[in-house]
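The values are calculated or read from the model by the stated rules, or taken from the named source; none is laboratory data. Please read these numbers as outputs of a predicted model, since none were measured by experiment. Please note: Cβ atoms are built from the backbone with ideal geometry, for glycine as well, and neighbour counts cover all protein chains shown.
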Amino acid sequence: MKMIACLLFGVALVGTPVGAKPMKPQSLATVRAHIDRQNANYVKAVVRGDVKTYTQLFTRDALLLRGSRIIEAQKHFVQTGIVAPGPKPKDLPKNLSVYTKKVEVSGDMAYEIGSYALTSADGKTNKGNSLTVWKQQPDGSWKIHVEASVPNP
């Protein structure tokens, strides 16, 4: 837990680079609506195996927190072949649901606390909780900057 808190604190300190044009602040309702749309795109991309849409939901320097590992998302996508050309995976999940419980915004960063339920191709369901840090892009959109998921025991 301390590692996640330190990571999130470090991410929050990054903010807008010196000399960059500041983005217009957005209301919590506006940010929440955008996150809801991006989550819908995330779900569709995962279930359909739409790699292009999925990878475009993440910032260039996004991190994935998986168990005890911190992974550079874009590097992971390349190393695992997730962005390689070729046939779609045969074991796509049957269903994925994400539920947002809370969103907070501070400048060009937002965090979302939620949960998920994923039903695999073989019918097994995996449920858990998630923490997603979103970063506003220069065009005003929001992308995933840090994604952490914790499966339920």
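Here Val18 fits the description: at pLDDT below 85, of a type in the set (Val, Ile, Thr) and surrounded by fewer than 13 Cβ atoms within 10 Å (Cβ to Cβ).
Of the residues making up the stretch 80-136, those that are at pLDDT below 95 and buried (at least 16 other Cβ atoms within 10 Å of the Cβ) are Pro93, Leu96, Leu118, Thr119. Consider the stretch 43-61 and keep the residues that are closer than 26 Å to Ala121 by Cβ and touching a strand residue (DSSP E or B) at 6+ places or on another chain (Cβ under 7 Å). The one that is surrounded by the fewest Cβ atoms within 10 Å (Cβ to Cβ) is Val47. When Glu147 is tested against (1) surrounded by fewer than 14 Cβ atoms within 10 Å (Cβ to Cβ); (2) in contact (Cβ under 8 Å) with a residue 40 or more places away in the chain; (3) charged (D, E, K, R); (4) closer than 30 Å to Ser27 by Cβ, just one condition goes unmet, and that condition is (1). Whenever a residue of the stretch 37-61 is at positive phi, its partners that are surrounded by fewer than 16 Cβ atoms within 10 Å (Cβ to Cβ) and not basic (Lys, Arg), lying with C-beta atoms within less than 8 angstrom and at least six residues away or across chains, give the pairs Gly49/Pro89; Gly49/Leu92.
Just to be sure, is Ala29 exposed (fewer than 11 other Cβ atoms within 10 Å of the Cβ), modelled with pLDDT under 85 and either assigned to a loop (DSSP other than H, G, I, E, B) or at negative phi (or both)? Here the answer is no, as Ala29 does not meet what is asked.
Considered as a group, the residues in the stretch 89-110 that are among the charged types (D, E, K, R) and in contact with a strand residue (DSSP E or B) (Cβ under 8 Å, 6 or more places away or on another chain) include one that is farthest from Phe58 (Cα to Cα), and that residue is Lys94. A residue that is at pLDDT below 80 and within 19 Å of Ala148 (Cβ to Cβ) cannot be found anywhere in the stretch 37-49.
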